[in-house]
1. Within the range 173-207, how many residues turn out to be without any contact (Cβ under 8 Å) to a residue 60 or more places away in the chain and buried (at least 19 other Cβ atoms within 10 Å of the Cβ)?
2. Considering every residue within the range 22-29, establish whether at least one is out of contact with any strand residue (DSSP E or B) (no Cβ under 8 Å at 6 or more places or on another chain), under 13 Å from residue 104 (Cα atoms) and surrounded by 12 or more Cβ atoms within 10 Å (Cβ to Cβ).
3. Please specify each residue of the range 53-79 satisfying the condition of being part of a helix (DSSP H, G or I) and in contact with a strand residue (DSSP E or B) (Cβ under 8 Å, 6 or more places away or on another chain).
4. Of all the residues that make up the range 30-49, how many are closer than 14 Å to residue 70 by Cβ and surrounded by fewer than 18 Cβ atoms within 10 Å (Cβ to Cβ)?
5. Enumerate the pairs (first residue in the range 62-85 and within 21 Å of residue 34 (Cα to Cα); second residue anywhere and at pLDDT below 80 and outside any loop (DSSP other than H, G, I, E, B)) with beta-carbon separation below 6 Å, excluding pairs fewer than 6 apart on the same chain, so at least 6 apart or on different chains.
6. Would you call residue 137 over 24 Å from residue 93 (Cα atoms), surrounded by fewer than 18 Cβ atoms within 10 Å (Cβ to Cβ) and either modelled with pLDDT of 80 or more or in the same structural domain as residue 88 (by TED's automatic domain parsing) (or both)?
7. Can residue 73 be described as buried (at least 19 other Cβ atoms within 10 Å of the Cβ) and in the same structural domain as residue 11 (by TED's automatic domain parsing)?
């Protein structure tokens, strides 16, 4: 995987490079102009953007001009509302710019598998918003209910716990099963519901 790192802070670039260079092919840019030019050519599977490099309007413009590019936004001071806003705009990750090496590698593996990487509070905000919108029914509601109804009782139980924000280990402990069993159930749940991540499953459950 080719990853582009973007920050005007040399210490941040050095830190991220140290985290990733042994596992991925990484390159870096230090200006918004360079970032826009490289993203426009779609040379990278993932782009890490230091929030300090771009203002809110500039990043929104970048998202619009580089559709199809996967962006992982990292902030010196992560804000849940900002994370939620840009998640809805299409970013695939939001985290602290000073995230540790193992957590960053875990985040990128998660993103590579088609999921998103955000904090628990951002997920809870999304769920709360989904519940609020659930009162406004649409023609798609019947389809959502059918997909959830196709799950076995155990799968429905696990899906609800995912929607509550529980991690696999917590679900395993609650249901007195192994984490491996939880993962196996989730694979089946994703296939039956047409979802690809915990986030999309949580939204489906809370809207259904």
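The values are calculated or read from the model by the stated rules, or taken from the named source; none is laboratory data. Quick caveat, the model's predicted, so the values are computed rather than measured. No Cβ is skipped: glycine too gets one built from the backbone with ideal geometry, and neighbour counts run over all protein chains shown.
1. Looking only at that region, the number is 8.
2. yes
3. Across the range 53-79, the qualifying residues are 53, 59, 62, 63.
4. 3
5. Partner pairs satisfying both residue conditions: 63/89.
6. no
7. Considered against the rule, which asks whether it is buried (at least 19 other Cβ atoms within 10 Å of the Cβ) and in the same structural domain as residue 11 (by TED's automatic domain parsing), residue 73 comes out as yes.
Conditions (1) at pLDDT below 85; (2) part of a loop (DSSP other than H, G, I, E, B); (3) farther than 24 Å from residue 83 by Cα, marked per residue:
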| site | (1), (2), (3) |
| --- | --- |
| 106 | no, no, no |
| 122 | yes, no, no |
| 127 | yes, no, no |
| 145 | yes, no, yes |
| 157 | no, no, yes |
| 165 | yes, yes, no |
| 177 | no, yes, yes |
| 182 | no, no, yes |
| 191 | no, no, yes |
